[in-house]
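The values are calculated or read from the model by the stated rules, or taken from the named source; none is laboratory data. Predicted model only: the values in this text are computed from it and were never measured. All Cβ positions, even for glycine, are placed from backbone atoms using ideal geometry, and neighbour counts span all protein chains on display.
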Amino acid sequence: MDAPVVELDRIASDIWTAMLGLTLEPYHDAPVFPPDQRVATGVVQITGDFEGAVTIQLGDTKARDIAAVMFAMEPEEVGDEEVSDAVGELANMTGGNVKSTICGSCQLSLPSVTSGRDYHVSLPGTAVRERIGMTCDGDLVVITMLTRQDA
Amino acid sequence: MKILVVDDSKAMRAIVKRALSTLDRVAGATILEAVDGREALGVIQAESPDLVLSDWNMPEMTGIELLQALNEGGAVPPFGFVTSESTPEMHELAKTHGAKFLVSKPFTPESLDQALAGAL
């Protein structure tokens, strides 16, 4: 199918504003985390008429802050399970809204979450179609849309 | 009043519960939780909630599978979806199976209240 227009920045801003009460600002430098920073990544895959994936990445400290907002807890009270759940739900909402923008019959996977330093996320057979960086209170948030290369 | 919130994300259940707690329409309601459709079936049987708010995409049993199972059982409480996916096909499928509404994430307490107005 034809490549649909997907406004990742608008989708992300709407989610962060409505669900978290936080503002995302455009980030004008290369959306890359320093190799020594721990980064959490949430991934959902889209299959069907459109084949691809959406990832959201944020530093572990920011991920903990987001989890704290979602659970109405203090960041120091938040455990790894809550952080993973929160990042997964961010990926789910972002991917779900991307899927809703795309015409055709598609299915959304359940989210996967990983965390670590200096790693690269790749899904076999896909290539980066769009990657945007945004900031929340100065912390980088990277959202990537991948599409199957023959799609 | 009892409201069952069904979502595999604990974070989203917390957000939905918090939104509900701000709404006069459901003030004082007891909020029940289930992590997927299968668990929700048991809670519905045991607790007879007055409203079910369910995610769509969940492991074990999806939201639409839950609604189908309730329809097959014959007793369906007022049922609405709260989901990150919102396509015309999903709206149609939800409506066909008797869902009262489909609220898209991201949502606000106001948009949730508006949806509940037509269901309660």
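What helices (runs of 4 or more DSSP H) completely inside the stretch A:1-112 contain at least 3 residues that are closer than 20 Å to B:Ser86 by Cα, in contact (Cβ under 8 Å) with a residue 60 or more places away in the chain and within 13 Å of chain B (Cβ to nearest Cβ)?
Details: elements: A:8-15, A:60-71, A:80-101.
Where helices (runs of 4 or more DSSP H) fall fully within the stretch A:1-112 and carry at least 3 residues being closer than 20 Å to B:Ser86 by Cα, in contact (Cβ under 8 Å) with a residue 60 or more places away in the chain and within 13 Å of chain B (Cβ to nearest Cβ), they are A:8-15, A:80-101.
In the stretch B:47-120, which strands (runs of 3 or more DSSP E) lie fully inside it and hold 1 or more residues that are within 18 Å of A:Pro111 (Cβ to Cβ) and either at the interface with chain A (Cβ under 10 Å from one of its Cβ atoms) or among the acidic types (Asp, Glu) (or both)?
Values: elements: B:51-54, B:79-83, B:101-104.
Once the strands (runs of 3 or more DSSP E) in the stretch B:47-120 are filtered for at least 1 residues that are within 18 Å of A:Pro111 (Cβ to Cβ) and either at the interface with chain A (Cβ under 10 Å from one of its Cβ atoms) or among the acidic types (Asp, Glu) (or both), what remains is B:79-83, B:101-104.
Spot the failing condition for B:Leu41; the list is (1) in contact with a Pro (Cβ under 8 Å, 6 or more places away or on another chain); (2) in a helix (DSSP H, G or I); (3) away from chain A (no Cβ under 11 Å), and only one is missed.
(1)
Can you go through A:Gly48, A:Gly95, A:Gly79, A:Gly21 and tell me which one is crowded, with 19+ Cβ neighbours inside 10 Å and small (Gly, Ala, Ser)? It would help to see each step written out before you state the result.
Working: A:Gly48 fails: crowded, with 19+ Cβ neighbours inside 10 Å; A:Gly79 fails: crowded, with 19+ Cβ neighbours inside 10 Å; A:Gly21 fails: crowded, with 19+ Cβ neighbours inside 10 Å.
The match here is A:Gly95.
Pull up the stretch B:26-58, narrow it to residues that are loosely packed, with under 14 Cβ neighbours inside 10 Å and touching a helix residue (DSSP H, G or I) at 6+ places or on another chain (Cβ under 9 Å), then point me to the one that is modelled with the highest pLDDT.
B:Thr30
Those residues that are out of contact with any Pro (no Cβ under 7 Å at 6 or more places or on another chain) and not in a helix (DSSP H, G or I), I need them from the stretch B:17-38; list them, please.
So in the stretch B:17-38, the residues out of contact with any Pro (no Cβ under 7 Å at 6 or more places or on another chain) come out as B:17-18, B:20-21, B:24-31, B:33-35, B:37-38.
The answer is B:Ala27, B:Gly28, B:Ala29, B:Thr30, B:Ile31, B:Glu33, B:Ala34, B:Val35.
Has the stretch A:120-136 got any residue that is of a type in the set (Val, Ile, Thr) and under 23 Å from B:Ile15 (Cβ atoms)?
So in the stretch A:120-136, the residues of a type in the set (Val, Ile, Thr) come out as A:121, A:126, A:128, A:132, A:135.
If we keep only those that are under 23 Å from B:Ile15 (Cβ atoms) as well, we get A:135.
Yes, the stretch A:120-136 contains at least one residue that is of a type in the set (Val, Ile, Thr) and under 23 Å from B:Ile15 (Cβ atoms).
For the stretch B:1-16, give me each residue that is in a helix (DSSP H, G or I) and either away from chain A (no Cβ under 14 Å) or within 17 Å of B:Leu102 (Cα to Cα) (or both).
First pass over the stretch B:1-16, keeping only residues in a helix (DSSP H, G or I): B:10-16.
B:Met12, B:Arg13, B:Ile15, B:Val16 - these are the residues of the stretch B:1-16 that are in a helix (DSSP H, G or I) and either away from chain A (no Cβ under 14 Å) or within 17 Å of B:Leu102 (Cα to Cα) (or both).
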